[in-house]
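Notes follow the structure.
Read-outs: derived from the displayed coordinates by stated rules, not from any lab. Predicted model, so just to flag it, every value in this text is computed and none were measured. Every residue, glycine among them, receives a Cβ derived from its backbone with ideal geometry; neighbour counts consider all protein chains shown.
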Amino acid sequence: MTNILLIDDHPLFCGGFAATCQAQRPNLSVSVAASAAEAHNMLAAGAFSCILIDILLPDASGFDTLQSLARLDPLTPRVMISGRDDRTAKMRARHLGASGFISKSLSPSEIMAALDVILSGGVWFDELDAGGDAGDAEDGALTPRQLEVLDLLAQGCANKEIEDRLGLADRTVRAHLTVIFKTLGVQSRIRAVMEARSRGLIL
């Protein structure tokens, strides 16, 4: 029996996911944790073959949970799930060591196919190309470097401090900010931080 831990506080999705697994993959057993804290306790008490983590949890960011569970059990594949098909979130998940990103908008058969790939040792990011440090916003994604700039924005850092902490030139920081604003559909630093937090990209 293959044991999966689903960390999600939406009972309707959890019930549907468990029913889909039972119908399409009878060898899969699904345990549910409604919070990051509950997931930590369950992982400390037993082993799982895969961990699915919702981006928005009631007590923690899904991305933070991804990292904390990696420290607790680095060998178990960790997968982000979300109701949004967000390329920026996919890129961040991969950057933080996730084995995949599954959109809840996928059909049950597609979700099962993604799980098959991950459980066999592969990765699933729906053909995401996560390469590059610069770039524009045409594909709706932010690069790992731009996510670092966002994190520093959320900490209240001015451009000069961002330059010093990331080792970037002034024009590079300004270029990253332009892409961030365009991608998030905002026109100010405060709005960028608010929008990024609403998407679960930063704390």
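Only beta bridges with both residues in the chain are counted; by DSSP, about 5 percent of them are antiparallel.
Sorted ascending by nearby beta carbons within 10 Å, beginning with the fewest, K90, K160 become K160, K90. When each of V30, V117 is scored by the number of other beta-carbon atoms lying within 10 Å, the sequence from fewest to most is V117, V30. Rounded to the nearest Hz, the phi-derived 3J(HN,Hα) couplings of the range 96-104 under the Karplus curve 6.51 cos²θ - 1.76 cosθ + 1.60 (θ = phi - 60°) are 8, x, 5, 8, x, 9, 10, 7, 5, where x marks glycine and proline.
Counting Cα-Cα pairs of the range 13-133 in 5 Å increments starting at 0 gives whole-percent bin shares of 2, 11, 23, 25, 23, 13, 3, 1, 0. Considering the range 1-74, its Cα convex hull presents a mean projected area of 4.5 nm².
Convex hull volume per residue, computed on the Cα atoms of the range 1-44, equals 44 Å³. The convex hull built on the alpha-carbon positions of the range 144-198 has an orientation-averaged projected area of 3.3 nm². Convex hull volume per residue, computed on the Cα atoms of the chain, equals 119 Å³.
May I ask you to list the lysines whose Cα is less than 16 Å away from that of K104, ignoring any residue fewer than eight positions away on the same chain? Cα-Cα hits under 16 Å: K90.
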